[in-house]
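Notes follow the structure.
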Amino acid sequence: MAALLDPRWEMFCQYMAKGYTNADAYVAAGYSPSSIDNARTAACQMKRNPKVADRIEELLRENALSPEGVSRKRAWIEGQYLDLFRRAVEGDKLKEADSILFHIAQFHGEVIQKREIKAEIVQAPDAQELRGQLAAILGELTAIDGETVEEALPSPEEDPNG
């Protein structure tokens, strides 16, 4: 949708998309209401106009997808976190303040989530025990290249790791 033909309507839509209140957007667009209540009423009536409502919606979508829109949202979220942190500290709610600080760090990508990994530590068998296990596995074989299983396995003296 192109800009609205009425320049004040377009300005009103632009200000609304930037986050102005209804009355503030109405005044910033160049209207001169006799009172703030009249500004609120006139702005609400203007927002009911389908062309104005569609244009505001379009500008909001564009702003949300733009880098500036994303940056504004991040700044707003950070401001909310900082305000919550300040109020928690002022109220001497240190546990809540600590939690909020964690969320601020997480928001900025400074926190790596740890996951607990459960592992059982077992003691490795010694060389003699391994030889016994291997002999049991190969027990059915009577010879390897003409040797018995026991003869095929290195003796503890020959084993460089033993």
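The values are calculated or read from the model by the stated rules, or taken from the named source; none is laboratory data. Bear in mind that the values here come from a model prediction, so they are computed numbers and not experimental data. Here the Cβ positions follow ideal geometry from the backbone for every residue, glycine too, while neighbour counts run over all protein chains shown. Side chains included, ligands, DNA and RNA excluded: accessible areas come from the protein's heavy atoms. Shrake-Rupley method; radii C 1.70, N 1.55, O 1.52, S 1.80 Å.
Key figures for this structure:
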{"read-out": "Cut-off 12 Å between beta-carbons: net charge of the residues surrounding ARG86, Lys and Arg +1, Asp and Glu -1", "value": "-1"}
{"read-out": "Value of Rg/Rh across the stretch 27-104 [Cα atoms, Kirkwood radius]", "value": "1.20"}
{"read-out": "Net lengthening on full extension, PHE102/LEU5 (0.36 nm per residue, minus Cα-Cα)", "value": "30.0 nm"}
{"read-out": "Nitroxide proxy distance, nm - points 7 Å out along Cα→Cβ at LEU84 and GLN133", "value": "5.2"}
{"read-out": "Heavy atoms of GLU110 accessible to a 1.4 Å probe, total area in Å² rounded to 10", "value": "140"}
{"read-out": "Label zone at ARG61, where the point sits 7 Å out along the Cα-to-Cβ direction: the stretch 1-36 residues whose backbone N lies under 11 Å", "value": "1"}
